[in-house]
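Please treat every number below as a calculation from the coordinates, not as lab data. Note that the coordinates shown come from a computational prediction; the quantities given were computed from them, not determined experimentally. Virtual Cβ from ideal backbone geometry, glycine too; neighbours counted across all protein chains shown.
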Amino acid sequence: MYILGRMPRRYESAVRAATAQQNRARLVAAAHELFTTQGWMTTTMTQVAATAGLARPTVYLHFATKLDLLTACIDAALSDIPVRDRPDYLAMGSGALPHRVATAAHWLRQAHQRSAPIQRILDDAVVTTPEAAPARARLEQRRHDEVANACRLVLDKTPPLALVDEVWALGSRAMWLTLAEAGWSPQHWENWFVRVVIDTIHAHPATQ
C-alpha cells in the first residue's frame with residue numbers, strides 16, 4: 001500500500017514537469033516571434049504571455065526578467081543540443097583542409113540563419129538596458145571559445161590566438177548581417193568565408 005500510495009505523486013510530478021517544459025517552450029517561441037517582429041523596447045512580458053496563451057505570472061515562473069527570456073530565445077536558436085555534440089560541428093575535423101573549412105563555413109552559415117535575427121535584438125537591448133551588455137559579453141566570449149575549438153578541429157592542432165581572433169571577427173553576426181543587407185545571398189557569404197579563412201590560415205606559418 002505504501003508503494004502504491006507513492007505512484008500517483010510520482011505521476012503527477014512527471015506531468016507537472018512536462019507541462020512546465022511545454023509552457024517554457026511556448027513562451028520562448030512567442031517571445032522569439034515578438035522580439036524579431038517588433039523589437040526589444042516594444043515587446044513586453046504581458047504580450048509574450050498573451051501570445052503564448054498563458055497567464056502573465058507563468059512567464060515569471062520561468063524567466064525573472066525580459067533579458068533572461070531573450071537569452072533563452074538566443075540559446076534555443078543556436079542549438080537544441082550542446083554545440084560540440086552536433087554531428088555537423090564535429091564533421092569539421094574530417095577530410096582535407098579545404099573540405100574542413102567548407103564544412104565549418106556551412107555550419108556557421110546555418111547558425112547565423114537560425115540565430116542572427118534574435119541575437120541582433122540583444123545588440124539593440126544594450127543601448128537601453130545596462131544589464132544587456134554583460135550578457136552580450138558572455139555570449140561573445142562563448143562564441144570566441146567555440147571559434148577556437150572549431151579552428152582546433154579544422155587544423156587538427158592548437159591554433160594561434162591571432163588566427164582565432166581573425167576568424168572570430170570574420171564570422172561575426174555583424175559581418176553576416178552587414179553583407180546580407182548589402183544583398184549577399186547565404187551561399188555567396190559561405191563561398192566568401194571559405195576563401196578568406198583559407199587565405200587567413202595560409203598567412204599564419206604556425207598552421208602549416
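The Cα atoms of the chain define a convex hull whose projected area, averaged across directions, is 15.4 nm². Placing a label point 7 Å from the Cα of Lys157 along the Cα-to-Cβ direction, the residues of region 87-128 whose backbone N falls under 18 Å from that point are 93-101.
Can you give the extra length, in nm with one decimal, that the chain gains between Ala206 and Trp192 once fully stretched, where that is 0.36 nm per residue apart less the Cα-Cα distance? Result: 2.7 nm gained on full extension.
The mean sequence distance of close C-alpha pairs (under 8 Å, at least 6 residues apart), as a share of the length of region 81-208, puts its relative contact order at 30 percent. As a proxy for reagent exposure, ranking Asp68, Asp156 by other Cβ atoms within 10 Å from fewest up yields Asp156, Asp68.
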